[in-house]
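What follows is one structure encoded as structure tokens, with my remarks underneath.
The values are calculated or read from the model by the stated rules, or taken from the named source; none is laboratory data. Bear in mind that the values here come from a model prediction, so they are computed numbers and not experimental data. Every residue, glycine among them, receives a Cβ derived from its backbone with ideal geometry; neighbour counts consider all protein chains shown. Side chains included, ligands, DNA and RNA excluded: accessible areas come from the protein's heavy atoms. Shrake-Rupley method; radii C 1.70, N 1.55, O 1.52, S 1.80 Å.
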Amino acid sequence: MTVAENNVATAAEAVIPAASRAERFTGYDVEAFEVPGGREENWRFTPMKRLRGLHNGTAVADGAVTVDVDATTDVKVEVVGREDERLGIAGAPSDRVSAQAYSSFTEATVVTVPADTKPEKSTLVRVTGPGEGKTAYGHLQLRVEAFGNASIVLDHVGSGTYADNVEFVVGEGAKLTVVSVQDWADDAVHVSEQHLWLGKDATLKHTVVTLGGDLVRVSPTARFAEAGGDVEMLGLYFADAGQHQEHRLFVDHAVPHCRSNVMYKGALQGDGARSVWIGDVLIRAAAEATETYELNRNLVLTEGARADSVPNLEIETGEIEGAGHASATGRFDDEQLFYLQSRGIAEDQARRLVVRGFFHEILMKIDVPEVRERLEAAIEAELEAIETETATA
Amino acid sequence: MATLEIKDLHASVTTDEGAKEILKGVNLTVNSGEIHAIMGPNGSGKSTLSYAIAGHPKYHVTSGEVLLDGENVLEMSVDERARAGLFLAMQYPVEVPGVSMSNFLRTAATAVRGDAPKLRHWVKEVKDEMTKLEISGEFADRSVNEGFSGGEKKRHEILQMALLKPKFAVLDETDSGLDVDALRVVSQSVNEVAEATDIGVMLITHYTRILKHIQPDVVHVFAGGKIVESGGKDLADDLEENGYVKYIGKPEPAKL
């Protein structure tokens, strides 16, 4: 891949942040957070005006999302009030919008896969936005109890402005594969903090797919309650003209013998297409024998698109198995295009092959077949959009 | 019977100091069934010639013509040239991550032949050619050229040539990086394609060693961006003996 050029910001080196990620304030009450102005580390890449007031208290809930769950009978689905004691255990909000969502939701959906249970098919949780011009706050908790094994698709569709917290609680020895798809309509603004909580020897494969929306900011935070946890965090995004897609990851290694593996890949096309990827990994002094790796790759397909990529790796103990990171942002590789064309393959088809190839590694890891097929189709549709743009340009 | 004519071809490459002329009036005619060895020292512009014919965007043809049966190749896009019957076996084949070799080969064959080859025949055809080139079957599932050794990449270039059956092939330093066994296998495949089809070949090389396996009909010496001498096998023998000294004014051997 070619080296980044002027409209491509990139961080090839992992930077040691000015303030440790361990010191980031968290809390459930929105009033405990200052209203961000946009220059804070946490907000510096986000276009604040496009948040429609989610960050400063002016976005009043005047709508609600619809949550539909399609699950087998062995999966328990509940709608609970704020007082439910299970809520919030996976982690506290780490920014004001998440805290606003936590302070504002009126009911939460809790989906539980009981202990020692393996549902026969994936559970589908579909969140439909409040509608154009409407604002909503929400809360979801997806639980897999001890030694359960489940696959959940969390699908976001529709219009409107929405902030929420999603908790993934994976009990001792349990396995969860989850895919969160942000397939919003063009007008949608979605700010989501996703709290990943892993019990002893738990395994979580968490995949984020962001395709639609005007502004989508997803912040997955992974925490290990006890030793032996294994989290794989995958992401795939495709930003079109005018779209802002931001993914802020934090993996907090605070206990020994846990593993994390992060791989996010994005493609951007069109004027004002914007992606931000932040990968914070903290290995605390107690987290001996940690093994972690994070990777972000961006493919800039046209002029006028911009990708930012910032890996941050903080290591407080030398007693680890391994820690690594890689980040690269490149333009479309003309050498690859030339090679394919020199074998008779027409330019548009050659481009499609290269982009498909770029995402192949991630797609192969998505082991929910219906989601993978849908994503392949979505990528094809995005690629056809480029050709139309190129043809009319 | 087809003809590839290169007429007074000038080409330049853009550098930090501006455009630099590399090809300075190349004239060459290759007919179907002929093998032309184009031998030159380092930096003589041999690879530029191959890239200019294939249409690499980095090289700009400033004047001259390349005609394939009278059709101006230079007005065609890179893929149109390939579909018209030109093939370039590259010195440094490009890696395309995530695209399997089998998908790539079939996509290319479909593009060049105009129709998707029938699956059953195609699988056998690919397998046969891979066997001849001593390429293991697992390569079909690997990404194009990714993690291949130099020799594996070269074998796959010749595999593509054998499958795409071009009218003319430019083999750009196909011999470099090949050990003695690989050189024999690759040369044998080139010879088989040459016998089975009526292909015309431009064999670009620095060294005479591949000429022990592939017999050229004509040998050209390429120096200073053009062909400076042409002859038969004896010219290759002379290069083997004396190197390029008389063309560039300093000693540079043509044999390893």
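In table form, for the structure just shown:
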| read-out | value |
| --- | --- |
| A:ASP308 in contact with a strand residue (DSSP E or B) (Cβ under 9 Å, 6 or more places away or on another chain), away from chain B (no Cβ under 14 Å) and not in a strand (DSSP E or B) | no |
| Strands (runs of 3 or more DSSP E) (entirely within the range A:159-259) containing at least 2 residues that are open to solvent by 10 Å² or more (accessible area, probe 1.4 Å) | A:175-182, A:203-210, A:215-224, A:230-239, A:244-253 |
| Subset of the range A:142-158 that is small (Gly, Ala, Ser) and outside any strand (DSSP E or B) - its residue that is least open to solvent (accessible area, probe 1.4 Å) | A:GLY148 |
| Scope the range A:352-387; condition basic (Lys, Arg) and open to solvent by 70 Å² or more (accessible area, probe 1.4 Å); matching residues | A:ARG356, A:ARG372, A:ARG374 |
| Flag if B:ALA116 is within 11 Å of chain A (Cβ to nearest Cβ) and either under 23 Å from B:HIS206 (Cβ atoms) or not basic (Lys, Arg) (or both) | no |
| Unique residue being open to solvent by 20 Å² or more (accessible area, probe 1.4 Å), more than 10 Å from every other protein chain (Cβ to nearest Cβ) and either in contact (Cβ under 8 Å) with a residue 60 or more places away in the chain or under 21 Å from A:PHE338 (Cα atoms) (or both) when the list is B:HIS121, B:HIS60, B:HIS156 | B:HIS60 |
| Out of B:GLU5, B:GLU34, sole residue that is surrounded by fewer than 22 Cβ atoms within 10 Å (Cβ to Cβ) and farther than 20 Å from B:GLN215 by Cα | B:GLU5 |
| Selected residue (criterion: nearest to the other protein chains (Cβ to nearest Cβ)) from residues of the range B:79-93 that are over 15 Å from B:PHE168 (Cβ atoms) and open to solvent by 20 Å² or more (accessible area, probe 1.4 Å) | B:TYR92 |
| Any chance A:ALA64 is under 30 Å from A:LEU204 (Cα atoms), open to solvent by 60 Å² or more (accessible area, probe 1.4 Å), assigned to a loop (DSSP other than H, G, I, E, B) and modelled with pLDDT of 95 or more | yes |
| Test: residue in the range B:179-194 that is in contact with a strand residue (DSSP E or B) (Cβ under 6 Å, 6 or more places away or on another chain), touching a residue at least 60 places away in the same chain (Cβ under 8 Å) and among the small types (Gly, Ala, Ser) | no |
| Residue check, A:LEU295 closer than 30 Å to A:VAL355 by Cβ and open to solvent by 20 Å² or more (accessible area, probe 1.4 Å) | yes |
| Count of residues meeting criterion [closer than 16 Å to B:GLN215 by Cα and touching a Pro at 6+ places or on another chain (Cβ under 6 Å)] in the range B:230-256 | 0 |
| Where a residue in the range B:195-211 is modelled with pLDDT of 95 or more and its partner, wherever it lies, is in a strand (DSSP E or B) and acidic (Asp, Glu), with Cβ under 7 Å and at least six apart | B:ILE204/B:ASP172 |
| Of all residues in the range A:267-285 being touching a helix residue (DSSP H, G or I) at 6+ places or on another chain (Cβ under 9 Å) and open to solvent by less than 10 Å² (accessible area, probe 1.4 Å), the one that is nearest to A:LEU295 (Cα to Cα) | A:VAL281 |
| Any hit, the range B:95-103, residues being in a loop (DSSP other than H, G, I, E, B) and at the interface with chain A (Cβ under 9 Å from one of its Cβ atoms) | yes |
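The rows are residues; the columns are (1) surrounded by fewer than 18 Cβ atoms within 10 Å (Cβ to Cβ); (2) over 16 Å from the mean Cα position of the chain (by Cα); (3) under 30 Å from B:GLY137 (Cβ atoms).
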| position | (1), (2), (3) |
| --- | --- |
| B:SER189 | no, no, yes |
| B:ALA194 | no, no, yes |
| B:GLY200 | no, no, no |
| B:ILE204 | no, no, no |
| B:GLY224 | yes, yes, no |
| B:LYS233 | yes, yes, no |
| B:LEU239 | no, yes, no |
